[in-house]
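The values are calculated or read from the model by the stated rules, or taken from the named source; none is laboratory data. None of these values were measured; they are calculated from a predicted model. Backbone-built Cβ (ideal geometry, glycine too); neighbour counts: all protein chains shown.
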Ligand code: SF4
């Protein structure tokens with residue numbers, strides 16, 4: 001991953017050891033993020049150039065979307081494409097023309113590469129440029145990689161936004177503006193927009209926007225607040241366009257949300273009394289909602305296997321606000337720049353592992369016997385069969401969990417598997 005601080009550097013600088021593992025991994029690929037990205041950007045079409053496996057992955061991840069006309073598709077590479085006998089670009093041009101003719105409302109087409117298209121070195125950057133010139137002004141073409149080679153599923157969004165960042169208009173305004181970067185459910189975005197307005201912070205723009213024509217400008221007066229902890233490359237692309245990153249914890253839980261809002265409030269010079277009067281009531285509601293769940297979570301031990309890149313902020317929330325005990329925290333990548341606001345809040349001596357050696361990590365989980373293990377879907381069933389309770393990390397990305405009003409729901413996601421175990425009173429798979 002470009003620009004990430006290596007764990008060995010971090011270990012020297014931080015208060016806890018960060019171990020690196022570079023072995024077998026069990027994660028979904030970046031194509032998965034198309035599901036939440038296409039819900040967010042409502043006039044975008046995602047055209048994956050891949051295999052039947054890629055098509056099956058998105059179709060099953062999208063679930064009920066098959067009943068609507070979806071805004072994603074897979075241009076399936078055939079054997080002759082893979083053997084280099086056909087010009088895949090011709091086929092791509094044909095499919096793009098079909099999408100544009102059939103869906104006149106589409107304003108952006110993302111060309112998403114996959115393992116097969118990258119293996120045959122199909123240059124989607126060139127294709128995006130060629131198609132962009134052909135349909136200039138009517139449809140924008142953006143290419144990015146959703147490939148599963150050495151990636152994790154949230155990186156799909158990082159790569160998508162990194163590519164989009166290069167195309168954003170330049171903001172030459174003298175006035176400060178806030179860019180919130182990272183896909184948020186519309187309901188959460190609206191809540192944050194209201195709070196920023198009450199604090200007198202603005203203009204506030206969300207990236208990605210709901211429509212292609214509303215993508216925000218970026219420039220030296222853009223202040224950048226990340227809403228998701230897996231957007232290191234997007235952040236660096238925006239910083240290279242002049243934006244300044246506001247370091248903050250991520251908006252999980254009452255404490256995380258307050259600190260995240262405070263980072264913007266400090267930049268805008270919002271008086272402490274204003275901040276308090278705007279945030280006191282929603283913060284109190286969030287604290288109460290979390291406290292209800294904390295009765296189940298207090299003293300329970302939780303481990304994370306590396307999957308979503310949400311692991312470190314969630315571990316902070318669960319330890320500080322829900323009184324859980326932390327076991328090992330695995331994360332696919334440890335990017336010190338975008339985790340700078342989180343690291344001081346973690347307990348000393350915590351074991352953080354970057355990357356994965358699956359068998360070794362599972363052995364450590366078995367030895368530790370945590371009350372709950374957050375992991376990918378493929379690992380959850382075997383662990384459940386051994387009597388360990390699990391939580392699918394992908395649920396945390398598909399559920400609205402950021403902000404004050406979602407803090408109780410976020411804690412509730414972790415209580416449910418524990419309550420289920422208590423209700424069943426036995427290890428069901430044994
Ligand atoms: Fe599989 Fe790669 Fe396609 Fe993802 S991009 S579904 S990992 S072949």
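Odds and ends about this structure:
- Figure legend. Inter-residue proximity from the range 107-132: first residues within 16 Å of residue 96 (Cα to Cα), second residues assigned to a helix (DSSP H, G or I) and near the ligand (Cβ under 9 Å from one of its atoms), beta-carbon distance below 8 Å, spacing 6+ or different chains. Indicated pairs: 112/31; 124/117.
- Selection over the range 366-380 of residues that are touching a helix residue (DSSP H, G or I) at 6+ places or on another chain (Cβ under 7 Å) and either without any contact (Cβ under 8 Å) to a residue 40 or more places away in the chain or in a helix (DSSP H, G or I) (or both) gives a count of 1.
- The residue that is farthest from residue 112 (Cα to Cα), counting only those in the range 51-63 that are more than 22 Å from the chain's Cα centre (by Cα) and within 8 Å of the ligand (Cβ to nearest atom), is 53.
- The set of residues in the range 133-157 being near the ligand (Cβ under 9 Å from one of its atoms) and assigned to a helix (DSSP H, G or I) is empty.
- From 346, 383, residue being within 25 Å of residue 423 (Cβ to Cβ), surrounded by 17 or more Cβ atoms within 10 Å (Cβ to Cβ), at pLDDT below 95 and touching a helix residue (DSSP H, G or I) at 6+ places or on another chain (Cβ under 9 Å): 383
- Residue check, residue 143 modelled with pLDDT of 95 or more, touching a helix residue (DSSP H, G or I) at 6+ places or on another chain (Cβ under 6 Å) and crowded, with 23+ Cβ neighbours inside 10 Å: yes
- Residues of the range 30-44 that are surrounded by 23 or more Cβ atoms within 10 Å (Cβ to Cβ) and either closer than 20 Å to residue 95 by Cα or within 14 Å of the ligand (Cβ to nearest atom) (or both): 30, 31, 32, 33, 34, 44.
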